[in-house]
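Inspection log for the structure reproduced underneath, given as structure tokens.
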Amino acid sequence: MSGEDQNRLVKSQHNRQKNNRKFRNFLIKVGLIYILISSGLFVLFAVLLEDHAYDDMSRDEVHHISQMVFESMYTAMVAGAGRQGIEAAAKRMEATGPGLITSVIRGETIARLFGDSEVDAMRRRNDLAIVGVFKKAEEAMIRKDQRIRFLYPAKFRDQCKQCHVNSTPGEVAAVVEVIYPVSDLKVSTRYVNKLMLVYFITSFIVLIVFLIWSYKHEEQWSE
């Protein structure tokens, strides 16, 4: 083998080794970039999932609990239960989940007919959220730390006039307060599946775009 052939062979081996190193470095770079992209997307979708749990799932779930509390009270009232029996019916929901707190703030219409309590009167005066629900007859949801406070306006019905003779149908009879820990919120599996599908598709598209961009630049750098 001539010296020129040996030089070409050495150069070819050197180029092969160089290309192998470049390819390994390229794969390492792709892997690191993909990990960074996936981590960023994971954090983004985790935030979206948390917001969805707070804003949508929490309102639906706690609204349902509030309605059940009111229906339990209404059933107790129809059965002829006294004040203590009605309050006990409202409190039964607390046994359905750890950290769940329920209370009922009776309005002035009920207080005038059956007597008021100091706690209810104080909360009607000083708790601005409760005052707003009584005035607007609309639900309110307050998120604080790891708890959600939901206020549900329980309104008088036509049949309520049998006992509450001074009531007006549609008027807020009481405010049902439900305090619920965020950790116990149940997120729809359908929403989670959609979010995960979008996550994988987005990360895959970003990876393909990065590979194409890197390949073109590798060609420019190798020229």
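The values are calculated or read from the model by the stated rules, or taken from the named source; none is laboratory data. Quick caveat, the model's predicted, so the values are computed rather than measured. In this analysis, Cβ positions are derived from the backbone assuming ideal geometry, glycine residues included, and neighbour counts consider all displayed protein chains.
Some observations on this one:
- For the range 105-136, a tally of residues being within 25 Å of the chain's Cα centre (by Cα) and hydrophobic (A, V, I, L, M, F, W, C) returns 4.
- Any hit, the range 156-165, residues being among the β-branched types (Val, Ile, Thr), modelled with pLDDT under 90, out of contact with any Asp or Glu (no Cβ under 9 Å at 6 or more places or on another chain) and over 22 Å from Leu100 (Cα atoms): yes
- Filter result (among the small types (Gly, Ala, Ser) and outside any loop (DSSP other than H, G, I, E, B)) within the range 96-138: Ser103, Ala111, Ala121, Ala129, Gly132
- Any chance Tyr199 is buried (at least 17 other Cβ atoms within 10 Å of the Cβ), under 31 Å from the mean Cα position of the chain (by Cα), within 30 Å of Val43 (Cα to Cα) and modelled with pLDDT of 75 or more: no
- A Cβ distance below 7 Å, combined with a sequence gap of six or more or placement on separate chains, defines the contacts here; from the range 98-113, residues that are under 16 Å from Ala173 (Cα atoms) reach residues that are β-branched (Val, Ile, Thr) in the pairs Val104/Val176; Ile105/Ile130; Ile105/Val175; Gly107/Val172.
- Exclusive hit being closer than 23 Å to Leu100 by Cβ, modelled with pLDDT of 85 or more and of a type in the set (D, E, K, R), set Glu171, Glu177: Glu177
- Ala53 being under 30 Å from Ala173 (Cα atoms), surrounded by 13 or more Cβ atoms within 10 Å (Cβ to Cβ) and modelled with pLDDT under 75: yes
- Just one residue in the set Met73, Met93, Met77, Met141 is in a helix (DSSP H, G or I), under 25 Å from the mean Cα position of the chain (by Cα), of a type outside the set (Gly, Ala, Ser) and surrounded by 14 or more Cβ atoms within 10 Å (Cβ to Cβ); that residue is Met93.
- Cross-chain or 6+ apart pairs with Cβ under 7 Å, the range 67-85 first and within 14 Å of Ala173 (Cβ to Cβ) and at pLDDT 80 or above, then surrounded by 17 or more Cβ atoms within 10 Å (Cβ to Cβ) and among the charged types (D, E, K, R): none
- Tally, over the range 145-182, of residues that are over 16 Å from the mean Cα position of the chain (by Cα) and not in a helix (DSSP H, G or I): 23
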